[in-house]
Every structure is written in C-alpha cells, then in structure tokens.
Amino acid sequence: MELYLIRHGIAEDKGLGIKDEERSLTKEGRQKTEKVAHKLVKLGLNFDLILTSPLVRARQTAEILIAEKLSSQLEESSHLAHDGQISSWLKDWLEPRNYSQNTQLALVGHEPDLTKWAEILLWGTELLIGGSRRSEFSEVKASLVLKKAGMIGIKLPETGSALGRSQIFWLTPPEYLL
C-alpha cells in the first residue's frame, strides 16, 4: 500500500482573529495547490481515496485534488487534525478497512504531524532532542521537511506492523511540481 502524505497549501496567517481550524487557503495557496494537483495528474497519479483533516485549509486542499480528478472519493478523519497519532489511525481507521496492497491513499494534513507520522513509519520513532524534532537515529537520518502543498510517498510493508518498516519513495517540495 502506498500512502501519500500531502501538506495543505498556503493558508491565512495565524493571529488575524480567525480560529485556527477555520483558516482558509490564500489566493496564492489555492493557485499553487491547483498547479501541483494538475502536475500530479500529468504524472499519472490516481488515489483510491483522499483522506483529509477536518480543518478548513486541509479540506480545501483535498477538494482541489478531487476537482483535478486525482480521486473520486473524499473522507474526513479527526486523526489528521493537529496532534493526531499514527498508531491510533492505523488501529482505528486503516486496519479495519483491510485495503489491498496496491491501494493508494492520500492523506491531507498539517505540520509537524505529517513528517512525524512519516518518521515513525520509516524509523519507528520520533523524539525531541534539544528541543527540536529528530528521529532516534538523527546522526544517520535527518528529519524530513514537508513544505506547504508538498508530498511524501511511503510504501507500507505487505505484512506486519508498518511502524519502522515502511519505505520512502517520494519526497517532493511543491516548487518541483510547478
């Protein structure tokens, strides 16, 4: 199974009197996300399902992906809101659905959660060292960086736990897709 972790596009700044969960994509954020989505179509991507955080900016990003016909199915998951835990998502959401191994799922969410999820899938853990996020093997593996409207592709193993046993196959900042 392939997971595509997609960060929402550029959103309104914090502190403008708007609740965080209601912050929308900016005009620039919408335009860049549309261009990224269009390029993903040209690259031949097609997701079996797009799962999004319920926060407005993530939902808008997911709707752009749907509008570009990257998938015909969209669902919300509170697991993708801030501070969602990958172990809970795997146990409560993914495992009961029993998807086939050739399934492609897009997860639209937020930072630092998406890179934390990726690091846990790849290396099995994510720790705070000196006040900053680092994997347990920080001297060997650097922390991942996921820019707005960027994407990380991770292949889950066919059997057993995905934690610490998955493989990265895609890490793209949006500027490479524009």
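The values are calculated or read from the model by the stated rules, or taken from the named source; none is laboratory data. These numbers were taken from a predicted model, which means no experiment stands behind them. Cβ placement follows ideal geometry from the backbone for every residue including glycine, while neighbour counts extend to all protein chains displayed. In case anyone asks, the SASA skips ligands and DNA or RNA and just uses the protein heavy atoms, side chains included. Shrake-Rupley method; radii C 1.70, N 1.55, O 1.52, S 1.80 Å.
Can you show me the helix-derived [θ] at 222 nm for the chain, built from DSSP H runs with n ≥ 4 at -39,500 (n - 2.57) apiece and divided by the number of residues, rounded to the nearest 500.
Helices in the chain give a 222 nm mean residue ellipticity of -7500 deg cm²/dmol.
Apply the Karplus parameterisation 6.51 cos²θ - 1.76 cosθ + 1.60, with θ equal to phi minus 60°, to every residue of region 74-79 and state each ³J(HN,Hα) to the nearest whole Hz, in sequence, with x for glycine and proline.
9, 9, 9, 9, 5, 4
Pull up the cross-link candidates among the lysines for K14, meaning alpha carbon to alpha carbon under 25 Å and not fewer than 8 places away within one chain.
K27, K32, K35, K116, K147, K148
Residues with amide H under 5 Å of L171's amide H, sequence separation 5 or more or different chain, H placed in the peptide plane at 1.01 Å from N; which?
Answer set, sorted by chain and number: G153.
In terms of modelled amide H atoms, which long-range or inter-chain residues lie less than 5 Å from the amide H of F47?
Amide H to amide H, under 5 Å and 5 or more residues apart or across chains, F47 pairs with S71.
Mind ordering 78-87, 29-38 by average Cβ neighbours within 10 Å, highest first?
In descending order of packing, they fall as 29-38, 78-87.
Note down the nm distance, to one decimal, between modelled labels 7 Å out along Cα→Cβ at L16 and at Q101.
4.7 nm
Treating the chain as a set of equal point scatterers at the Cα positions, no solvent, please give the Debye-formula log₁₀ I(q)/I(0) at q = 0.11, 0.12, 0.16 Å⁻¹.
Listed by q, the Debye log ratios stand at -0.44, -0.53, -0.96.
With a 1.4 Å probe and all protein chains in place, put Y99, Y176, Y4 in order of accessible area, largest first.
Of Y99, Y176, Y4, the descending order of accessible area is Y176, Y99, Y4.
Given a 1.4 angstrom probe, I'd like the percentage of the accessible area of region 1-125 that is carbon and sulfur, rounded to a whole number.
45 percent
Show the residues, 5+ positions off or on another chain, whose built amide H is closer than 5 Å to the amide H of T52.
Result for T52 returns E75, E76, S77, V108.
Specify the inter-centroid distance of region 9-52 and region 156-171, based on alpha-carbon positions, in whole Å.
26 Å
Projected area of region 1-54, taken from the Cα convex hull and averaged over every viewing direction, in nm²?
4.5 nm²
Which whole-number percentage describes the relative contact order of the chain, with Cα contacts under 8 Å and a sequence gap of 6 or more?
Once normalised by length, the contact order is 29 percent.
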